[in-house]
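Heads up, the thing below is written out as structure tokens.
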Amino acid sequence: EAIAGGFKSTLIRRIHQLLSKVFHWNIQHIPQNENKFADNLIKTARDKRKGLRLLEPPV
């Protein structure tokens, strides 16, 4: 659990760093089943092992 918490805080800190460089931004949660394009984009990136990578804490 401590590792997962550290991962989440690091991820959130990195997101804040990236967003601080953008003048205007908006974050909106869209359930996976309602956004097939983004879901397929993420799956493609994972398959190619380059570009966008999503890291998930171990279960």
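The values are calculated or read from the model by the stated rules, or taken from the named source; none is laboratory data. None of these values were measured; they are calculated from a predicted model. Cβ placement follows ideal geometry from the backbone for every residue including glycine, while neighbour counts extend to all protein chains displayed.
Values for this structure:
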quantity	calculated
Breaking point among (1) assigned to a loop (DSSP other than H, G, I, E, B); (2) at pLDDT 70 or above; (3) surrounded by 10 or more Cβ atoms within 10 Å (Cβ to Cβ); (4) aliphatic (A, V, I, L, M), for Leu52	(2)
Residues being within 21 Å of Lys8 (Cβ to Cβ) and modelled with pLDDT of 80 or more - total across the stretch 28-38	4
